[in-house]
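Data first, discussion second: the structure below is written as C-alpha cells.
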Amino acid sequence: MKQWITTGVLVLLMVSVGTVFGQETWTLQQCIDYALENNIQIRQQDLTVNYQQNLLSQAKNDRFPNLNGQVGNNYNFGRSLTYENLYENSNSTSLSGYLGTDVTLWNGFQLQNIIRQRDLDLQASIEDLKKAKDDLILNLAALYLEILFAEELVAIDESQIDVTRQQIERTQKLVEAGSLAKGALLEVEAQLAREELQLVNDRNRVQLAYLNIFQLLELPLSRSFKIAKPELPDLHTGTLNFNSLTIFNNAVLTRPEIRAAQLRVESAQRQLDQAKGARWPKLSFGANYYNNYNDNYMRIAENNPLKKEVIPFSDQMKNNQRYGFGFTMNIPLFNKFQVQNAIANSELQIADYKYRLQNSQNLLQKEIEQAYTNALAALNKYLSGEKAVSSSAEAFRYAEEKYSVGLVTTVEYNQIKNNLTMAQSQLAQARYDYIFRTKILDFYNGIPIRL
C-alpha cells in the first residue's frame with residue numbers, strides 16, 4: 001500500500017509540474033543571463049556596490065568647502081537693547097541672516113587616505129559581485145547537467161522497457177509452445193513492473209531537477225521551459241591538458257575572491273594611514289557673513305530733529321553687516337590615547353585581513369585540487385564504464401540468443417540485462433560528472449562555462 005501511495009505522489013508531481021512546461025527552450029547561456037539579471041542575491045550585492053560608490057563620492061566631495069546659511073525671525077518683548085545701545089522697555093521684530101563656510105586645508109593627509117580607502121572598498125565590493133555571479137553560474141551549470149543526466153537515465157529506462165516488452169512476447173510464445181513454464185512469464189512481467197517503476201522515479205528526478213533550476217532562477221512556473229540539449233564534448237582524450245598547480249597559479253591572479261581579499265588588505269593599510277594622520281595638526285580656513293534688521297531701531301528724522309523714524313531696511317543692511325575670515329589650526333596634545341589605540345587597532349585589522357587573504361588562497365587551492373582529483377577519477381570511471389557497457393552489451397546479446405532457445409533461465413537473463421542497465425547508468429553519471437568537473441577547472445582558468 002505504501003509503495004502505491006509513493007508512486008501516486010510521484011506521478012502527481014510529474015503531471016503538476018509537467019503541465020506548465022511550455023514550448024520555449026533555453027540554453028545554458030539563456031539561464032545564466034536571466035539569473036544574473038533577476039537573482040535576488042546578485043541584486044543585493046549590486047546594491048552594496050552602489051553603496052560603496054556613494055561613500056567614495058562623498059569622500060571626494062569632502063575636499064570642497066561647505067556653505068551654510070541661517071535665517072531668523074524674532075519677536076522681542078520687554079527690555080531690550082536699542083540702536084543707541086540703551087536698554088528700554090519696547091516690543092520689536094527682528095530679522096537676521098548668517099552665511100558661513102570653512103574648508104580643511106591640511107589634516108595629515110587623512111582626506112586623501114579616506115578617498116583611497118573608499119576606492120579600494122569599492123573595488124573589493126565589485127570583486128564580491130563577480131564572485132557571487134561566478135557561484136551562481138557554477139550552480140546553474142550543475143543543475144543544467146543534472147537535468148541532462150536525468151533525461152539520459154529516462155532514455156535508458158525506456159530502451160530497457162522496450163526490450164523487456166519484446167522479451168514478454170517471446171516468453172509468451174515459449175510458454176504456449178511448452179518450452180518454458182508459466183513462472184518464467186510471470187518473472188518477466190514482474191521485471192517489467194520494476195522497470196516501469198524505475199522509469200517513474202527517473203522521470204520524477206527530471207521534474208525535480210527542473211524544479212531546482214526554476215527555484216535557483218527564481219522563475220515563476222508560468223515561465224517554465226525545456227532546456228536545450230547541447231552537443232557534449234568528446235571524452236576519449238584520456239587525459240587532462242593541465243595540472244592543478246598550473247590552474248592555481250592562474251586562478252590566484254584572476255579569481256575575484258582573491259582579488260577582493262587583497263584589496264581589503266590595502267584598504268586596511270589606508271585605514272592605518274588615516275589613524276597616523278590624526279597625530280598631526282589640522283589647518284582649516286573659515287569665513288562668515290552676518291546681518292540683521294530690527295523694526296525698533298530708530299534715528300532722528302532728517303527734516304525734524306525732534307522726531308525719530310525707523311531706520312530703513314537698506315540702511316540697516318549697510319550698517320549692521322559684519323563679516324570675517326581666518327585660519328584655524330587644531331593641535332592634538334593629549335586625547336586620552338585615542339590616536340595610539342586607533343593605530344594599534346588598524347595594525348591588528350591589517351593582520352586579520354592578511355590572514356583572510358591567506359585563508360582564501362588555501363581554500364582556493366583545496367577546491368582546485370579537489371576538482372582536479374574528481375575530474376581524473378570521473379575520467380577513469382568513464383573509460384572503465386565504456387568497457388563495462390561494451391562487455392555487458394555483448395553479454396546481453398549472447399544471453400538473448402540463448403534465451404530464445406531456452407538455454408538461459410529468466411532469472412539469469414534479467415540479471416544480465418540489469419547489469420547492462422546499471423553499466424549504462426554508471427557510464428552516464430561518470431560522463432556528466434567529468435564534464436562538470438572539467439568545466440569547474442576551466443572556470444578557475446578564466447574560461448567561461450559553455451555547453
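Some observations on this one:
- Selection count where residues are more than 30 Å from Lys276 (Cβ to Cβ) and in contact (Cβ under 8 Å) with a residue 24 or more places away in the chain, scope segment 306-339: 9
- Flag if Arg356 is closer than 30 Å to Thr246 by Cβ and of a type in the set (Lys, Arg): yes
- For segment 279-349, the strands (runs of 3 or more DSSP E) that sit wholly inside it and include 1 or more residues that are at pLDDT 90 or above are 282-294, 322-330.
- Test: residue in segment 289-296 that is among the aromatic types (Phe, Trp, Tyr) and surrounded by fewer than 16 Cβ atoms within 10 Å (Cβ to Cβ): yes
- Residue match in segment 114-131 (condition: at pLDDT 95 or above, crowded, with 17+ Cβ neighbours inside 10 Å and either hydroxyl-bearing (Ser, Thr, Tyr) or over 31 Å from the mean Cα position of the chain (by Cα) (or both)): yes
Residues checked against (1) crowded, with 16+ Cβ neighbours inside 10 Å; (2) out of contact with any strand residue (DSSP E or B) (no Cβ under 9 Å at 6 or more places or on another chain); (3) among the β-branched types (Val, Ile, Thr):
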residue: Lys366; (1), (2), (3): no, yes, no
residue: Leu376; (1), (2), (3): no, yes, no
residue: Lys387; (1), (2), (3): no, yes, no
residue: Ser392; (1), (2), (3): yes, yes, no
residue: Thr410; (1), (2), (3): yes, yes, yes
residue: Asn419; (1), (2), (3): yes, yes, no
residue: Tyr434; (1), (2), (3): yes, yes, no
residue: Lys439; (1), (2), (3): yes, yes, no
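- Of all residues making up segment 78-118, the number that are assigned to a helix (DSSP H, G or I) and touching a Ser or Thr at 6+ places or on another chain (Cβ under 9 Å): 5
- Residue-level check: of (1) touching a strand residue (DSSP E or B) at 6+ places or on another chain (Cβ under 9 Å); (2) surrounded by 15 or more Cβ atoms within 10 Å (Cβ to Cβ), Glu88 misses just (2).
- Hits in segment 222-249 - residues which are closer than 27 Å to Cys31 by Cα and at pLDDT 85 or above: Phe225, Lys226, Ile227, Ala228, Lys229, Ile247
- Every pair of residues 6+ apart whose Cβ atoms lie under 8 Å, when the first sits in segment 172-201 and is surrounded by 15 or more Cβ atoms within 10 Å (Cβ to Cβ) while the second is of a type in the set (Asp, Glu) and assigned to a helix (DSSP H, G or I): Glu195/Asp157; Gln198/Asp157; Leu199/Asp157; Leu199/Glu158
- Verdict on Ala344 being touching a residue at least 12 places away in the same chain (Cβ under 8 Å) and either in contact with a strand residue (DSSP E or B) (Cβ under 6 Å, 6 or more places away or on another chain) or over 30 Å from Tyr98 (Cβ atoms) (or both): no
- The condition (being out of contact with any Cys (no Cβ under 7 Å at 6 or more places or on another chain) and under 23 Å from Phe285 (Cα atoms)) is satisfied by just one residue among Gln316, Gln338, Gln321: Gln321.
- Contact map, segment 410-421: first residue within 16 Å of Tyr398 (Cβ to Cβ), second residue part of a helix (DSSP H, G or I) and hydroxyl-bearing (Ser, Thr, Tyr), Cβ cut-off under 6 Å, separation 6 or more or different chains; pairs are Tyr413/Tyr403; Asn419/Ser392; Leu420/Ser392.
The values are calculated or read from the model by the stated rules, or taken from the named source; none is laboratory data. In this text, all values refer to a predicted model and were calculated from it rather than measured experimentally. Don't worry about glycine lacking a Cβ; one is built from the backbone with ideal geometry, like all the others, and counts go over all protein chains shown.
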